[in-house]
1. Could you give me the residue pairs with C-beta distances under 8 Å whose first residue belongs to the stretch 21-48 and is part of a loop (DSSP other than H, G, I, E, B), whose second residue is not basic (Lys, Arg) wherever it lies, and which are 6+ apart or on separate chains?
2. Taking the condition of being among the aromatic types (Phe, Trp, Tyr) and closer than 26 Å to residue 5 by Cα, how many residues in the stretch 38-61 meet it?
3. Do we find a residue being assigned to a helix (DSSP H, G or I), of a type outside the set (D, E, K, R) and under 26 Å from residue 8 (Cα atoms) anywhere in the stretch 79-87?
4. Within the stretch 28-73, track down each residue that is among the acidic types (Asp, Glu) and surrounded by 10 or more Cβ atoms within 10 Å (Cβ to Cβ).
5. Select from the stretch 1-20 the residues that are of a type in the set (D, E, K, R), surrounded by 10 or more Cβ atoms within 10 Å (Cβ to Cβ) and either under 26 Å from the mean Cα position of the chain (by Cα) or not in a loop (DSSP other than H, G, I, E, B) (or both) and list them in ascending order.
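Just so you know, all these numbers are worked out from the coordinates, no wet-lab data involved. For clarity, every value in this text was computed on a predicted model and none was experimentally measured. Don't worry about glycine lacking a Cβ; one is built from the backbone with ideal geometry, like all the others, and counts go over all protein chains shown.
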Amino acid sequence: MSTIIDEKLVDYLEILSRLKLDEEQKQSLGSDLNKIIGYIDTLSELDTTGIEPLSHSFPTCNIFREDAVTSGDMRDNVLENAPSAKAGQFVVPKTVE
């Protein structure tokens, strides 16, 4: 495997991520990214014919229910607990001058 991540790309990634890295961190990052890409290259050599792609490791399905109103209009009941209400709305202190 040839080096895919070079100093120029690490500098570009530093700018994109808005990080400030010293030279030791840049070399470490480049080395780590090259190892990750090398591992992905190793995985791409596997024979995956007949294996169905997965979107999740567990079998999942959405459970849908009917969208029905169950509690009805409870505005008056809710406003009974308010310290102050007017015209069917909560009255709150003014926060903006």
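1. 21/10; 21/14; 21/29
2. Total satisfying the criteria: 1.
3. no
4. Scanning the stretch 28-73 gives 32, 41.
5. 7, 11, 14
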